[in-house]
1. So residue 60 fits all but one of (1) modelled with pLDDT of 85 or more; (2) touching a helix residue (DSSP H, G or I) at 6+ places or on another chain (Cβ under 7 Å); what number is the exception?
2. With the checklist (1) modelled with pLDDT of 80 or more; (2) over 12 Å from the mean Cα position of the chain (by Cα) in hand, flag the one item residue 26 doesn't pass.
3. Return the pair list, or none, for Cβ contacts closer than 9 Å from residues in region 1-21 that are more than 14 Å from residue 59 (Cα to Cα) to residues that are at pLDDT below 85 and assigned to a loop (DSSP other than H, G, I, E, B), at least 6 apart or on different chains.
4. Tell me whether region 48-56 contains one or more residues that are modelled with pLDDT of 60 or more, outside any helix (DSSP H, G or I) and loosely packed, with under 10 Cβ neighbours inside 10 Å.
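The values are calculated or read from the model by the stated rules, or taken from the named source; none is laboratory data. Values in this document were obtained by computation on a predicted structure and should not be read as measured data. Counting neighbours? That spans all protein chains shown, and the Cβs are built from the backbone with ideal geometry, glycine included.
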């Protein structure tokens, strides 16, 4: 059973690595007006990273 889980994880990771990342970009020429709040920080996270933490945790569990 552990071998099947390991094979499924390896296959999922291989599929992620072989597929190109899709990024959404704003069209050039359309700019948002800058606000006077320079202290704001925008958190940016790629969607491809969502499954990475899951894969790492599952891999650690299987390695025990």
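1. (2)
2. Answer for residue 26: the failing condition is (1).
3. From region 1-21, the pairs are 21/46.
4. No, that holds for no residue.
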